[in-house]
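Below is one structure; the comments refer to it alone.
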Amino acid sequence: MKTPFYITTPIYYVNAQPHLGHAYTTIIADVARRFHEMCDQPTFFLTGTDEHGDKIVRAARREKMSPRAYADKVSAQFQALWPKLNIDLSRFIRTTDPGHQLVVKQILQKIYDSGDIYFAEYEGLYCFGCERFYNERELVDGLCPDHQTAPELIREANYFFRMSRYQQWLIDHITAHPDFIRPERYRNEVLAFLREPLEDLCISRPKSRLQWGISLPFDDRYVTYVWFDALINYVSALGYPDGEDFATFWPQVQHIVAKDILKPHGIYWPIMLKAAGIPVYQHLNVHGYWNIDQSKMSKSLGNVVDPLHLKDIYGLDPFRYFLLREMNFGLDSSFSEEQLVARINADLANDLGNLFSRVTAMAHKYHGGRIPAPDPAVEADLKLSLQAEAWKTIEAYTAAMHEFAFHRAVQMVWDFISQMNKYIDVTQPWVLAKDKRARPQLDAAIYNLLEGLRVVSGLIYPVMPDTAASMQRHLGLDPAERFYDLEGLKAWRGLPPGSVLPKTVALFPRIDWPPKPTATAAAADTPLAAPAFKPQISYEDFSLLDLRVATVLKAEAVPKAKKLLKLEIDVGERRTIVAGIAGSYAPEDLIGAQIVVVANLKPAKLMGVLSEGMLLAATGEEVTALATVTRPMPPGTPLR
RNA sequence: GGCGAUGUAGCUCAGUUGGUCAGAGCAUGCGGCUCAUAUCCGCAGUGUCCGGGGUUCAAUUCCCUGCAUCGCCA
């Protein structure tokens, strides 16, 4: 059996909804898994959710839910997303799974027994509002920055993991295995960090402060905190210590993380494994961040532009292609709709899609829709074979994929696509088709192009599985036949001459950019009914508005008017304004409220009452909500 | 505040150990083809390789420093 391949994403913390970053990490894991499937290796692909901790307790409280119910809700959102991104998981783990909790306890006990966990007391400045310790630098004038209260000096005892004992071992391991952490920049970062003495890691919280966690097996008064709970999912998911999957897939494991959690995965986790007597992982693959360029996103989806929604507009495969092609693995990249469309048009529609279209169209036109049989002698004499180029492409692609250099792997495929476009230009099949004596040349040219497309269809499978299958069908093959198998792709002349090609298709339609308003509104198919955005204005335009905080002094209904209230306000001076908010606010509820008004709007009479300004409010279908400020401000304070 | 990373053509970025390394794609301009989703092919540019020092016969590439951006930690 070939070497197994086990790939993980971090388990995502359920204090936030899934976003582009989560999607990217999980998509590249899916791509890596599919690639190793091409290599005929057994694969296991794990992702999941991290659900314990005080942040979850607080988020749950805000939504008036139990931590469990809250975690269930957000975890379900993650689980629901992956199939929509064509992500093919082996297992979705949750840190609240009983099996996981058991393994966490087993490993904690094992390390405790071997003496690498100890109990210690310390004191620090604690804010009861935030439920956390602060150090003096974080305080503002000695006060908690959130609560403006003085933190209290309290003593607390906790359990600590003796990481320092393994510092030198880790340095040696990283030095001996140069690609243990990759790309290299992150390896260097970890080594730089390890030049300083490693502090022991606090791994518990007393239950007086936090109950939403896994109890320590050796002290029931505590729960374990963050890293022992979270990182252990990578082994618990396989059924450590005796599970069959653990025996098969560990330690053939590669982790994928974003750069923000380099330290826990590059330092804590290998040391935890070492201390627990478990072999360490093969590679830690670290990627960068997506910076979202709001200015280059169309506003067709309303005011919130969620990159994940773009897959519904432009298609999942193009979306996956863009993420893989655009980000240089390890570095930050920028994301915008404009760039996405540019990639789709240039790479997918013009290069690949048009190549596929022109080749299959010629096969129909010149060969009646049947795959021609090339004469090997003619092929060799006139150097018409694309086999060498295909072979080089597969080699370079494979090497890049093994290194997690996805952008380079994809580029290799597109280099080959470009070679095929040139090949058509040079061989000029439309000229050959006019000359009966050139028939063998034409057969060889079209066959080689079709065969090249077969290779391309296999190579794009990890990134664009649906498109790959579609190309296969249109080459007259059955996608169910593991067409992406790497050995099969290397074997030239995989297409049987004489077989029938289905009607040709346009794989990727070109996209108009910027979008035509009517077209996008229909395509967006979005429940958000926010009105279209107004044209851009300059800051100077904006500064013409005189927006002020005002306090409501008196409020009463305007006689005979259903919606109008007459307000006496203080905007630094006393004024009267009229507002159409009677449907949503009772006059008595507004007394003392702070609102935002346009103070330099030309006065107007409404139902006979002079209004000297206008208040700001969000006007919905049913209700209206007043704009206000989040803390009391003196009346007349300008807004900008 | 400490540690680290990044800063190269209008845009997005390649540049493995210092000496044809000043590049690619997109965008722009011009030319060619017609099989193809007005697609493809060819040609043409533009750059204080972030600023300032230093090492060297020679630095985008090494060292120091400043600025900007990002991440981690505090």
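The values are calculated or read from the model by the stated rules, or taken from the named source; none is laboratory data. These numbers were taken from a predicted model, which means no experiment stands behind them. Methodologically, a virtual Cβ is constructed for each residue, glycine included, from the backbone with ideal geometry; neighbour enumeration extends over all protein chains shown. The protein model used for the area step is the full one, side chains on, heavy atoms only, and it has no ligands, DNA or RNA in it. Shrake-Rupley method; radii C 1.70, N 1.55, O 1.52, S 1.80 Å.
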Worksheet item: Residues in segment A:233-262 that are of a type in the set (A, V, I, L, M, F, W, C) and more than 15 Å from A:Ser90 (Cα to Cα): how many?
Response: 6
Worksheet item: Going by the structure shown, is A:Thr26 more than 21 Å from A:Arg482 (Cβ to Cβ), open to solvent by less than 60 Å² (accessible area, probe 1.4 Å) and touching a residue at least 12 places away in the same chain (Cβ under 8 Å)?
Response: yes
Worksheet item: So which residues in segment A:347-374 are near RNA strand B (Cβ under 8 Å from one of its atoms) and not small (Gly, Ala, Ser)?
Response: A:Asp347, A:Leu348, A:Asn350, A:Asp351, A:Leu352, A:Asn354, A:Leu355, A:Phe356, A:Arg358, A:Val359, A:Met362, A:Lys365
Fill in: So A:Tyr186, is it under 30 Å from A:Ala400 (Cα atoms) and either surrounded by 13 or more Cβ atoms within 10 Å (Cβ to Cβ) or more than 35 Å from the chain's Cα centre (by Cα) (or both)
yes
Discussion item. Checking the conditions here, which among A:Lys516, A:Lys566, A:Lys562, A:Lys503 is modelled with pLDDT of 85 or more and either within 30 Å of A:Gln387 (Cβ to Cβ) or basic (Lys, Arg) (or both)?
Written reply: A:Lys503
Worksheet item: (1) surrounded by fewer than 19 Cβ atoms within 10 Å (Cβ to Cβ); (2) over 25 Å from A:Lys84 (Cα atoms); (3) not charged (D, E, K, R): which one isn't true of A:Ser470, the others all being true?
Response: (2)
Worksheet entry | Long-range neighbours under 8 Å by Cβ, at least six apart or interchain, first residue among the aromatic types (Phe, Trp, Tyr) within segment A:262-277, second open to solvent by 10 Å² or more (accessible area, probe 1.4 Å) | A:Tyr268/A:Leu201; A:Tyr268/A:Trp227; A:Trp269/A:Trp227
Item to complete: Determine which single condition A:Glu199 fails, assuming it passes every other condition in (1) touching a residue at least 12 places away in the same chain (Cβ under 8 Å); (2) more than 16 Å from RNA strand B (Cβ to nearest atom); (3) open to solvent by 20 Å² or more (accessible area, probe 1.4 Å).
Response: (2)
Fill in: Residue count, segment A:215-232 (criterion: touching an Asp or Glu at 6+ places or on another chain (Cβ under 7 Å) and modelled with pLDDT of 95 or more)
0
Worksheet item: Do we find that A:Gln282 is under 29 Å from the mean Cα position of the chain (by Cα), within 30 Å of A:Arg325 (Cβ to Cβ) and open to solvent by 30 Å² or more (accessible area, probe 1.4 Å) in this structure?
Response: yes
Practice prompt. Considering each residue of segment A:89-136, count those that are within 16 Å of RNA strand B (Cβ to nearest atom) and among the aromatic types (Phe, Trp, Tyr), and give that number.
Written response: 4
Fill in: Selection count, segment A:34-52, where residues are open to solvent by 10 Å² or more (accessible area, probe 1.4 Å) and either touching a residue at least 40 places away in the same chain (Cβ under 8 Å) or outside any loop (DSSP other than H, G, I, E, B) (or both)
10
Item to complete: Working carefully through the options A:Ala438, A:Ala409, A:Ala388, A:Ala396, find the one that is closer than 22 Å to A:Ala349 by Cα and either within 15 Å of RNA strand B (Cβ to nearest atom) or without any contact (Cβ under 8 Å) to a residue 60 or more places away in the chain (or both).
Response: A:Ala409
Worksheet item: Would you pick out the residues in segment A:224-254 that are open to solvent by less than 10 Å² (accessible area, probe 1.4 Å) and among the charged types (D, E, K, R)?
Response: A:Asp229
Fill in: Neighbours by Cβ (under 7 Å, 6+ apart or cross-chain): first from segment A:244-258, touching a residue at least 40 places away in the same chain (Cβ under 8 Å); second of a type in the set (S, T, N, Q) and outside any strand (DSSP E or B)
A:Gln252/A:Thr3; A:Gln252/A:Gln282; A:Val253/A:Gln282; A:Gln254/A:Gln282; A:Ile256/A:Thr25; A:Ala258/A:Thr25
Worksheet entry | Answer from A:Met401, A:Met464 - the residue that is farther than 25 Å from A:Ala361 by Cβ, in contact with a Phe, Trp or Tyr (Cβ under 6 Å, 6 or more places away or on another chain) and either touching a residue at least 24 places away in the same chain (Cβ under 8 Å) or more than 12 Å from RNA strand B (Cβ to nearest atom) (or both) | A:Met401
Worksheet item: Hey, among the residues in segment A:290-338 that are polar (S, T, N, Q) and over 27 Å from A:Glu184 (Cβ atoms), which one's modelled with the lowest pLDDT?
Response: A:Asn303
Worksheet item: From the residues in segment A:456-513 that are in a loop (DSSP other than H, G, I, E, B) and of a type in the set (Gly, Ala, Ser), which one is farthest from the chain's Cα centre (by Cα)?
Response: A:Gly498
Fill in: Where a residue in segment A:337-353 is closer than 12 Å to A:Asp317 by Cα and its partner, wherever it lies, is open to solvent by 20 Å² or more (accessible area, probe 1.4 Å) and more than 7 Å from RNA strand B (Cβ to nearest atom), with Cβ under 6 Å and at least six apart
A:Ile344/A:Ile511
